[in-house]
1. Check Ile198, Ile287, Ile203 and return the single one that is among the β-branched types (Val, Ile, Thr) and within 17 Å of the chain's Cα centre (by Cα).
2. Could you check Pro215 against (1) within 15 Å of the ligand (Cβ to nearest atom); (2) touching a Pro at 6+ places or on another chain (Cβ under 7 Å); (3) under 23 Å from Thr10 (Cβ atoms) and say which number it fails?
3. Among the residues of the stretch 45-60, which ones are within 8 Å of the ligand (Cβ to nearest atom) and surrounded by fewer than 16 Cβ atoms within 10 Å (Cβ to Cβ)?
4. From the list Ala26, Ala30, Ala63, Ala42, exactly one residue is among the hydrophobic types (A, V, I, L, M, F, W, C) and either surrounded by fewer than 20 Cβ atoms within 10 Å (Cβ to Cβ) or away from the ligand (no atom under 12 Å from the Cβ) (or both). Which is it?
5. In the stretch 5-64, what count of residues is obtained for those that are at pLDDT 95 or above, among the acidic types (Asp, Glu) and either within 21 Å of the chain's Cα centre (by Cα) or assigned to a loop (DSSP other than H, G, I, E, B) (or both)?
6. Which numbered condition trips up Leu179, out of (1) closer than 30 Å to Gly261 by Cα; (2) of a type outside the set (Ser, Thr, Tyr); (3) near the ligand (Cβ under 9 Å from one of its atoms)?
7. If you check every pair at least six apart or on different chains, which have Cβ atoms under 9 Å apart with a residue in the stretch 86-102 that is in contact (Cβ under 8 Å) with a residue 12 or more places away in the chain and buried (at least 20 other Cβ atoms within 10 Å of the Cβ) first and a residue that is aromatic (Phe, Trp, Tyr) and not in a helix (DSSP H, G or I) second?
8. Search the stretch 231-243 for residues that are closer than 7 Å to Ala177 by Cα and pair each with any residue that is assigned to a loop (DSSP other than H, G, I, E, B) when their beta-carbon atoms are under 7 Å apart and the residues are at least 6 apart or on different chains.
Amino acid sequence: MTDSIASAPTLKGRKIAVVGVTSQVAEPVAKALAAENEVIGAARFRDPAAMERFEAAGVRCVAIDLATGDVANLPEDADIVLNFAVTKTNNWDVDLMANSGGLAWLMEHHRSAEAFVHCSTTGIYKPMGHHVFAEGDPLGDNHGVWPFLATYSIAKIAAEATARWAAQRFSLPTTIARLSVPYGDRGGWPAIHLEMMINGSEIPVHIDAPSVYHPIHEDDIIAMVPKLVAATGVPATVVNWGGDEAVSVEEWCAYLGELTGLSPVLAPTAETIDSVMIDLTRMHELIGHTTVPWRDGFRRMVEARHPELLTS
Ligand SMILES: NC(=O)c1ccc[n+]([C@@H]2O[C@H](COP(=O)([O-])OP(=O)(O)OC[C@H]3O[C@@H](n4cnc5c(N)ncnc54)[C@H](OP(=O)(O)O)[C@@H]3O)[C@@H](O)[C@H]2O)c1
C-alpha cells in the first residue's frame, strides 16, 4: 500500500484495470471510476455489443481469457487492478483453472501494480446455521448444495489461496474482499426473487429459518472500492464485505410483496444454501459503513426493473 493511495479518499487520475468488467458487480464500478480515471475493462467480451456499451462510458475494453491464462492485452503498467471475474461453468477443470490459475496469471502480469483487489464471496464459509462469521472462521463448500453451482465455493476458496500466495510472492499489496449479496438496478439475487414472485415460482429458503445475509447496494459497492484499494497489504488483507443490515430472504421477499402486491411462495428445504451472517467489525475499521438502507435500495431496484408493479 502506498501513502498516496492510503491517504486518498477517492481514486482520481489513476490507471485502473477492472477485470470481469461485464459482471453484474463490476459494470457500475468501472463506469463510475471512468469519470476520473483511465479505466481498462477486461473480459472475454463474447458479446461485441457489451464492448460498445463500455466504450461509450469511457472504459477501454480488452479481451482476455483467464481459463487459458491469456491476459496479455491488459496493460502491465496499470496502477490498480480490481478483479471481479468468475467462471461458474460447473466443470471442475475449467473453474479451478480459470478462477485460481487465471488469477495467478493475472497477478503475475500485474506484479508491479500498487494495489490489487480480488473480489471473493461469503459463500466460502462452512455452513454453520446462524453463526456470525469473522474472517478467520472455517471455510467449506457452502454452495455445493446447489447442483448448478457445484464448483463455486471450492473454486473461490482456491482463488483466495492463490491471491494470498501471489501477494507475498510478488510483494503485491492485495485485498481479498468477501462479498455478501450485491444488488441494485442491474439485478442481483433479490431481483431474481422478484422475477420468481412474478412467475409464481417457489423460492427456496433454508429449513433452519430465517435465511439471513447482508445485501449491499451497488452505490455502496462503488463508494467502498477506493477504501478496499487503500486497505491492500502484504500479506493480503482479508475482509468481509456486506451491507450493515442483516436481512433474511423471508423478510426481503415479504417487503417486495408489500411494494408490488405479489405474494412470495417460500419453500423451506435443506437443499439450498444456509444463512451466511457476517461479522463486520473489520469492514467497519478498514472501509467504513454502508449507507443505503436496504428497504430504500430494494424500492429503487423495483422502480428500475419493474416500475409497473409498484403499488405505493
Ligand atoms: N452475484 C453475486 O450474488 C455475488 C455474491 C458474492 C460474491 N460475488 C462475487 O462478485 C464477483 C462478480 O460476480 P458476478 O455475479 O457479478 O459475476 P458475473 O455476472 O457472473 O460475471 C462474471 C464475469 O467474469 C467474466 N469471465 C467469465 N469467464 C471468464 C474468463 N474465462 N476469462 C475472463 N473473464 C471471464 C465474465 O465476462 P465474459 O463472460 O465476457 O468473459 C464477467 O465479466 C465475483 O468474484 C463473484 O464471486 C458475487
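1. Selected residue: Ile287, the only one of Ile198, Ile287, Ile203 that is among the β-branched types (Val, Ile, Thr) and within 17 Å of the chain's Cα centre (by Cα).
2. Checking Pro215 against (1) within 15 Å of the ligand (Cβ to nearest atom); (2) touching a Pro at 6+ places or on another chain (Cβ under 7 Å); (3) under 23 Å from Thr10 (Cβ atoms), the one that fails is (3).
3. Once the filter is applied, which keeps residues that are within 8 Å of the ligand (Cβ to nearest atom) and surrounded by fewer than 16 Cβ atoms within 10 Å (Cβ to Cβ), the stretch 45-60 yields Arg46, Asp47.
4. The unique qualifying residue is Ala63.
5. Matching residues across the stretch 5-64 total 2.
6. (1)
7. none
8. From residues that are closer than 7 Å to Ala177 by Cα, the pairs are Val238/Glu135; Val239/Glu135; Val239/Ala231; Asn240/Glu135; Asn240/Asp279; Asn240/Leu280; Trp241/Ser180.
The values are calculated or read from the model by the stated rules, or taken from the named source; none is laboratory data. Here the structure is a predicted model, which is why all the values come from computation and not from measurement. When we count neighbours, we look across all protein chains shown, and the Cβ atoms used for this are built from the backbone with ideal geometry, even at glycine.
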